[in-house]
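Trainee: Okay, here's the structure, questions in a sec.
Derivation of every value follows stated rules applied to the coordinates shown; laboratory data play no part. What you see is a predicted model, and the numbers here were worked out from it, not measured in a lab.
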Amino acid sequence: MGALTRKTGFFCLLFSAVGLFPLVWAGFTAAGETGCKAWIEIKGGGPGLEIVPYCLAPEDSLIEYRLVSKKRGGSGTSSSTQSGSVRLKAGQPKPLCRVGLNFQAGNEYLLHLRIYKDGRMVAEERKSFSDSTLELRS
């Protein structure tokens, strides 16, 4: 895929007092000279989380995405992959898919989003968290 440049953007945690600690967590990453940005929002509270990866491009684009989610805990390890193609409009953030995740204390969760354009990776985002606070591991 050639040399990749990975620029780490910013991420934020937003806690709300509604329900069982619903939250939105977003991080941004850009790679290469394409200007594409990728981020993951995590919404929910209690036992269920909704994972929504997004992409934003400076020009109309057809991209492919791959979201891998992994869970490690007392009951073992599981992995799930969601992938597809999406047409982006210039400057308009686009949700790529929605994935439900059963959230349990004591488990560790890893998310890895990759965005490809013309067979080349142009952006990626990685998140690692555990427990109900969704603390960023790295």
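Trainee: Using each residue's phi in the range 96-111, evaluate 6.51 cos²θ - 1.76 cosθ + 1.60 at θ = phi - 60° and report the 3J(HN,Hα) Karplus result to the nearest Hz, with x for Gly and Pro.
Mentor: 8, 5, 9, 10, x, 9, 7, 9, 10, 4, x, 8, 10, 10, 10, 10
Trainee: Show which aspartates and glutamates lie in cross-link reach of residue 89 when reach means a straight Cα distance below 17 angstrom and same-chain residues fewer than eight apart are skipped.
Mentor: 59, 60, 64, 118
Trainee: Let me ask you something else. Can you return the lysines within cross-link range of residue 127? Criterion is Cα-Cα under 16 Å, with same-chain partners fewer than 8 residues away left out.
Mentor: 7, 37, 43, 70, 71
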